[in-house]
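All remarks here apply to the structure that follows.
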Amino acid sequence: MAPSDGRAQPGASAVVWPLRRDLATAGKRVPSGLNYRCISVGGADARTMLATLRNANEVSLWSMRASPARSYQLIARPLLPDERNCASLAA
């Protein structure tokens, strides 16, 4: 997940972030030198995210309900069998 420059690409939809965690601070910064953060979810949060992802696409802009002016780009993928959480991605 990373902050968006606010310019929507063709086909982009606006999606409201369904979880309580703040998009601006949730997760861990990815050590790529870019402004990306990694958030892993499980249980009820994972079910909520999966339901919301059905209404999104790869160019959707995500925002918090309380602050729709700030949008984020999201890349969603499952953890692979050898990954336990975001820290596994940095190893």
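Could you please find all residues in region 29-47 being at pLDDT 85 or above and under 14 Å from residue 85 (Cα atoms)? Spell out how you get there, then give the answer.
Taking region 29-47 and keeping what is at pLDDT 85 or above, we get 37-47.
If the condition is that a residue be at pLDDT 85 or above and under 14 Å from residue 85 (Cα atoms), then 37, 38, 39, 40, 41, 42, 43, 46 are the ones that fit.
Restricting attention to region 70-90, report how many residues are under 16 Å from the mean Cα position of the chain (by Cα) and closer than 19 Å to residue 47 by Cα.
8
Here is a list: 91, 24. Which entry is touching a Ser or Thr at 6+ places or on another chain (Cβ under 9 Å), small (Gly, Ala, Ser) and modelled with pLDDT under 90?
On the way: 91 fails: touching a Ser or Thr at 6+ places or on another chain (Cβ under 9 Å).
That would be 24, the only listed residue that is touching a Ser or Thr at 6+ places or on another chain (Cβ under 9 Å), small (Gly, Ala, Ser) and modelled with pLDDT under 90.
Considering region 63-74 alone, what residues qualify as being in contact (Cβ under 8 Å) with a residue 60 or more places away in the chain and either outside any loop (DSSP other than H, G, I, E, B) or more than 14 Å from residue 12 (Cβ to Cβ) (or both)?
Of region 63-74, the ones in contact (Cβ under 8 Å) with a residue 60 or more places away in the chain are 70-74.
Within region 63-74, 70, 71, 72, 73 qualify.
Mind listing whichever residues of region 11-57 are more than 15 Å from residue 78 (Cβ to Cβ) and either assigned to a helix (DSSP H, G or I) or acidic (Asp, Glu) (or both)?
22, 44, 48, 51, 52
Within the group 8, 12, which residue is surrounded by fewer than 16 Cβ atoms within 10 Å (Cβ to Cβ) and either at pLDDT below 80 or in contact with a His (Cβ under 6 Å, 6 or more places away or on another chain) (or both)?
On the way: 12 fails: surrounded by fewer than 16 Cβ atoms within 10 Å (Cβ to Cβ).
The match here is 8.
In region 27-62, which residues are surrounded by 15 or more Cβ atoms within 10 Å (Cβ to Cβ) and free of Cβ contacts under 8 Å to residues at least 24 places away in the same chain?
Filtering region 27-62 down to residues surrounded by 15 or more Cβ atoms within 10 Å (Cβ to Cβ) leaves 27-28, 30, 36-41, 45, 49, 52, 56, 60-62.
The one that is surrounded by 15 or more Cβ atoms within 10 Å (Cβ to Cβ) and free of Cβ contacts under 8 Å to residues at least 24 places away in the same chain: 41.
The values are calculated or read from the model by the stated rules, or taken from the named source; none is laboratory data. Only a predicted model underlies this, so the values are computations on that prediction, with no experimental measurement involved. FYI the Cβ positions are ideal-geometry reconstructions off the backbone, even for glycines, and counts take in every protein chain you see.
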